[in-house]
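Engineer: Here you go, one structure.
The values are calculated or read from the model by the stated rules, or taken from the named source; none is laboratory data. Every value quoted in this text rests on a predicted model; they were computed, and no experiment measured them. FYI the Cβ positions are ideal-geometry reconstructions off the backbone, even for glycines, and counts take in every protein chain you see. Areas reflect the complete protein model, heavy atoms only, side chains present, ligands, DNA and RNA absent. Shrake-Rupley method; radii C 1.70, N 1.55, O 1.52, S 1.80 Å.
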Amino acid sequence: MKRKLNWIGAILAMMLLLAACSSNNGTNEAASPAGNGSNDSGEAEAPYELTVAYFTFGSVPQDQKLIEEELSKITKEKINATVKLLPISLSAWQNQVNLMLTSNEKLDLMVLMGSTYANQVAKGQLIALDELLAQSGTGILAALGPDYANATKINGQAYGVPTIRDLATSYGYLIRQDLVDKHALDLSQVKTLNDLEPILQTIKDNEPNMIPFVNGTGASPLTYYSTRDSLGDDMGVLLDNGQDLKVVNWFETEEYAAQLKQMRKWYQAGYISKDAVTVKESTSDILKGGKGAGNLATLKPGFDTQETRLTGKAITSVELLPSVAKTSTVTNIMWGIAKNSKNPEKAMQFLNLMYTDKDVVNLFDWGIEGKHYVKVSENIIDYPQGVDAASVGYSGMGWLFGNQFLSYIFKGDDENLWEKMKEFNNSAIKSKALGFTFDSTPVKTEFAAVSNVLTQYRIALECGALDPDKMLPEFIAKLKDAGIDKIIAEKQKQLDAWAAANGQ
């Protein structure tokens, strides 16, 4: 009997030991500020692999794997984690991310877009970040400041953190400088969309192999042109950049109808590509390949040199609409932790590095020193000898990764770029709804249904491929059948409560 009890005791002791090991796994280093990866016995724990998903506009850079390896060297030392980068084409982004989230596939950190943010929160796909930020993300909070950090909150909880970049935006038209010079185009006369017509006609008449008015994958020409506060999703908007707090149906406005007619006219005139609805390239790649002249874009300080570098062509731009700050310009690009994450604490530690660690930021933005760039001075970089925009093995998108104000300045850019960017943010027209984020939970069924209708009609209408005289009424009717009026009413109710609470 005593022998039997001894066996039982041994088995129980083993079970307790295994349970203790399991409960410590992946948490000791997260609780430690240094994240050194040691357990209570002093033994090194295996680094946690973070899966980090984000979208790309063009092809994945050939040296992507090298960036992943260099990042992992830093993160393994600082937070005992390695990084698996998961770039996904923008055209496949939403479907692939939804599949990963619904199938519980491993996913830790992911880019969030303002247009789908509220819906992802409503579906429970994101982890609330407030406690994690307080524990392991204090660097993020300090870098953002309270106004921008709080702009992402839904029902008092933050589920995303915006990247630090141009938090306001202005809207304009960009075009290749060589075409401006070749055809003596006078951009000083361009003040409105209508003023673009002579330029587009000149390109069409003289550059038969070039698209005058380009759009990229997953977007229409009008995606980057706005006089409204979309309130995150365009399912109920504020006109006049949010200077009035009355929520209206954007798709029923005369302004939207007039824009569609203009796009239809330009599509029929051949200014817009006949395959604009199904285009699979980014605008930058189209311009880089010599197949396009220009496109509408969201502008900011340093924009022309940024686009010149992306396309390998000298780019110039003209502003059509003044700069404005809205919740959507803050939340349009954020980072969040997926509900699938097996170690949210470790994900937050890595996110904190993206906002505080200059080496991490510049790996994402520029690649590896000596291979993808060389330092000209402490904060100025250039391509290495024999390398240019067309041949460099890696080029990132600084506005996509953490804190862009920690990024090096590329030679030729304004050395005071980040100071000017801060001023651009501070001086923009402010929507009266800045900081309001719609919670779609009460209307999640209607939200999903309206999203499907938008996917079915919107890009085709805004590219001019569909006749708005015939299809806009059908589009509006489908939106109403799907429940857009209920969404607008709920949005107005929430906005009124938010405005009252914030003294608006």
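Engineer: At a 1.4 Å probe radius, which order do Met471, Met421 fall into by accessible area, largest first?
Structural biologist: Reading off the accessible areas and sorting them downward yields Met471, Met421.
Engineer: Here's something else I'd like to know. Heads up, I need the accessible area for Thr455: 1.4 angstrom probe, whole protein in place, Å², nearest 10.
Structural biologist: The accessible area of Thr455 comes to roughly 120 Å².
Engineer: Still on this structure: Pull up the cross-link candidates among the lysines for Lys73, meaning alpha carbon to alpha carbon under 20 Å and not fewer than 8 places away within one chain.
Structural biologist: The qualifying lysines are Lys65, Lys84, Lys346, Lys358, Lys371.
Engineer: Please report, in debye to the nearest 20, how large the charge dipole of the chain is about its Cα centre when each Lys and Arg carries +1 at its beta carbon and each Asp and Glu carries -1 there.
Structural biologist: The dipole of the chain has a size of about 1300 debye.
Engineer: Here's something else I'd like to know. Tell me which residues come under 5 Å, amide H to amide H, from Trp335 once H is placed; ignore anything under 5 positions away on its chain.
Structural biologist: Placed amide hydrogens put Leu112, Val161, Thr163 under 5 Å from Trp335.
Engineer: Under 19 Å from the Cα of Lys480, which lysines turn up, not counting those fewer than eight places away in the same chain?
Structural biologist: Hits, sequence-local ones excluded: Lys246, Lys444, Lys470, Lys491, Lys493.
Engineer: Further question: Sort Lys300, Lys493 by accessible area with a 1.4 Å probe, largest first.
Structural biologist: Largest to smallest exposure gives the sequence Lys493, Lys300.
Engineer: To continue, here is another question. Please turn the phi angles of the stretch 373-389 into ³J(HN,Hα) values with the Karplus equation 6.51 cos²θ - 1.76 cosθ + 1.60 (θ = phi - 60°), one per residue in order, whole Hz, x for glycine and proline.
Structural biologist: Couplings: 7, 10, 7, 8, 8, 4, 10, 10, 10, 8, 5, x, 4, x, 10, 9, 4 Hz.
Engineer: For the charge dipole of the chain, defined by +1 on Lys and Arg C-beta atoms and -1 on Asp and Glu C-beta atoms about the Cα centroid, which residue among Gln262, Ala44, Ser103 has the Cα displaced farthest towards the positive pole?
Structural biologist: Ser103
Engineer: Skipping prolines and chain starts, which residues have an amide H placed within reach, meaning under 5 Å, of the one on Ile381, given they are 5 or more residues away or on another chain?
Structural biologist: Under 5 Å from the amide H of Ile381: Val376, Ile409, Phe410, Lys411.
Engineer: Could I ask something else about it? How do Thr192, Thr202, Thr327 stack up against each other in accessible area, from largest to smallest, with a 1.4 angstrom probe?
Structural biologist: Largest accessible area first, the residues go Thr192, Thr202, Thr327.
Engineer: With +1 assigned to the C-beta of every Lys and Arg and -1 to the C-beta of every Asp and Glu, and no other charges, what is the dipole magnitude of the stretch 394-504 about the Cα centre in debye, to the nearest 20?
Structural biologist: 240 debye
Engineer: Could you tell me the relative contact order of the chain? Use alpha-carbon pairs under 8 Å, at least six residues apart, and round to a whole percent.
Structural biologist: Once divided by the residue count of the chain, the mean separation gives 23 percent.
Engineer: Starting from the 7 Å offset along Cα-to-Cβ, what nm value, one decimal, do you get for the label separation of Asn206 and Glu105?
Structural biologist: Output for this residue pair reads 4.8 nm.
Engineer: Please work out the Cα center distance from the stretch 253-294 to the stretch 373-411, rounded to the nearest Å.
Structural biologist: With the stretch 253-294 and the stretch 373-411 each reduced to a Cα centre, they are spaced 31 Å.
Engineer: Quick check on the chain: of the DSSP beta bridges with both residues there, what percent are antiparallel, nearest 5%?
Structural biologist: Expressed as a percentage, antiparallel bridges in the chain total about 55.
Engineer: Let me ask something else. Need one value: the accessible area of Ser323 in square angstrom, 1.4 angstrom probe, rounded to the nearest 10.
Structural biologist: 20 Å²
Engineer: Right, another one. In whole Å, what is the distance between the alpha-carbon centres of the stretch 435-458 and the stretch 53-105?
Structural biologist: Cα centroid to Cα centroid, the span is 27 Å.
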